[in-house]
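Asks: Just dropping this structure here.
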Amino acid sequence: MAETKTNIGNSNRWSLQGMTALVTGGSKGIGYAIVEELAQLGATVHTCSRNQTQLNESLHEWATKGYKVTGSVCDVASRAEREKLIATISSEFNGRLNILVNNVGTNRPKATLNSTEEDFSFVMNTNVESAYHISQLSHPLLKASGAGNIIFISSIAGVVSISVGSIYGATKGAIIQLTKSLACEWAKDNIRTNCVAPGPIKTDLADEVLKDENILNGFVSRTPLGRIGEIEEVSSLVAFLCLPAASFITGQTISVDGGLTVNGLCVDYA
């Protein structure tokens, strides 16, 4: 069996200096934090957003901080725009990509019996089909880099049942299984694939749900750490999984949820 080069003993194992990255949906929320985290560690990052104004504002903020970040407008729900995005990346990064973060996600929280065919198609296309297709398109670039990384952003809704809609939960479960499949299928191409599953995190999207005191208290009471998470607590894990220091980690799904998904019954013995 041929030996595969590892990063053990590499002085740059805690750095992303010289690496390239694509983060979908990076102009706000968790995606924004991921872009910053990767850029802080030295990566050159490209991100995309449907909103030109929001994207321009984010790019300006990153430029003032000295980060190497570029961006383009893209609706990842569109196959043609996905193809255009990867063509842009290939040109910008000279046919090589070290890191792909499939971050974009959406939801229409409805009861199953109230969900329509259009609801199913929209959420499934945005959350699963786009990530699947972008991964396919990125494969040659990731392989060409010699050390590729794919990170899928799932959710604890793909691990346990929470009241955010069965379609959303199904898409996030699909992402977790896709992570396992690609980790095995593309390992021969030196591409690692991992998944991060956030729990309740403070974002503009989550705030719309968590402003309901009953929902907020329900999550907090079930979370051993007793609070809602911060976006930086997700982005730091994403960055770690991309580092050379994580070179033997692939096919894993890690929940960032304060312990919510493992909480059977927490008893205070004090």
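Asks: Rounded to the nearest 500, what is the 222 nm mean residue ellipticity of the chain from helices alone, with -39500 (n - 2.57) per DSSP H run of 4+ residues and division by all residues?
Replies: Roughly -13000 deg cm²/dmol at 222 nm, from the helical runs in the chain.
Asks: Please report the equivalent ellipsoid semi-axes of the chain, computed as sqrt(5 x eigenvalue) of the Cα gyration tensor, largest first, in whole Å.
Replies: They are 29, 22, 19 Å, listed largest first.
Asks: Okay, next question. Once the Cα atoms of helix 29-40 and of the chain are each reduced to a long axis, what angle between those two axes, in degrees from 0 to 90 to the nearest 10, is obtained?
Replies: With both axes taken from Cα atoms, the answer is about 30 degrees.
Asks: Full extension from Ser91 to Trp14: what is 0.36 nm times the residue separation minus their Cα-Cα distance, to one decimal in nm?
Replies: 25.0 nm
Asks: Also, I was wondering about something else. In degrees, nearest 10, range 0 to 90: what is the angle between the Cα axis of helix 130-145 and the longest Cα principal axis of the chain?
Replies: That works out to roughly 30 degrees.
Asks: For region 127-167, which whole-number percentage of the solvent-accessible area (1.4 Å probe, protein heavy atoms only) is attributable to carbon and sulfur atoms?
Replies: Of the solvent-accessible surface of region 127-167, carbon and sulfur hold 55 percent.
Asks: Go ahead and collect, in residue order, the members of region 122-137 whose backbone nitrogen is under 12 Å from a label point 7 Å along the Cα-Cβ direction of Arg79.
Replies: Those under the cut-off are 130, 133.
Asks: Something else now. Contour minus end-to-end for Lys65 and Met124, with contour as 0.36 nm per residue of separation and end-to-end as the Cα-Cα distance?
Replies: Result for the pair: 17.6 nm of gain on full extension.
Asks: Shifting gears a bit: Between Lys180 and Arg227, what is the label-to-label distance in nm when each label sits 7 Å out along the Cα-to-Cβ direction?
Replies: So the two model labels end up 3.4 nm from each other.
Asks: Something else: Excluding ligands and nucleic acids, what accessible area in Å² is computed for Lys188 using a 1.4 Å probe, to the nearest 10?
Replies: 150
Asks: List the pairs from Lys28/Lys172; Lys110/Lys143; Lys28/Lys188 whose alpha-carbon separation is above 30 Å, in the order I gave them.
Replies: Lys110/Lys143; Lys28/Lys188
Asks: Here is a further query. In region 1-119, carbon and sulfur make up what percent of the accessible area (probe 1.4 Å)?
Replies: Answer for region 1-119: carbon and sulfur cover 48 percent of the accessible area.
Asks: Taking only protein heavy atoms and a 1.4 Å probe, what accessible area per residue, in Å², does the chain have with all protein chains in place?
Replies: The answer is 51 Å² per residue.
Asks: Turning to a different aspect of this structure: Grab the other residues whose beta carbon is less than 12 angstrom from that of Gly251, score K and R as +1, D and E as -1, and report the net.
Replies: Counting the neighbours of Gly251, the net charge comes to +1.
The values are calculated or read from the model by the stated rules, or taken from the named source; none is laboratory data. All figures in this text were calculated on a predicted structure; none of them were measured in a lab. Heads up, the Cβs are rebuilt from the backbone with ideal geometry, glycines too, and the neighbour counts pull from every protein chain shown. Surface accessibility is based on the protein's heavy atoms, side chains included, excluding ligands, DNA and RNA. Shrake-Rupley method; radii C 1.70, N 1.55, O 1.52, S 1.80 Å.
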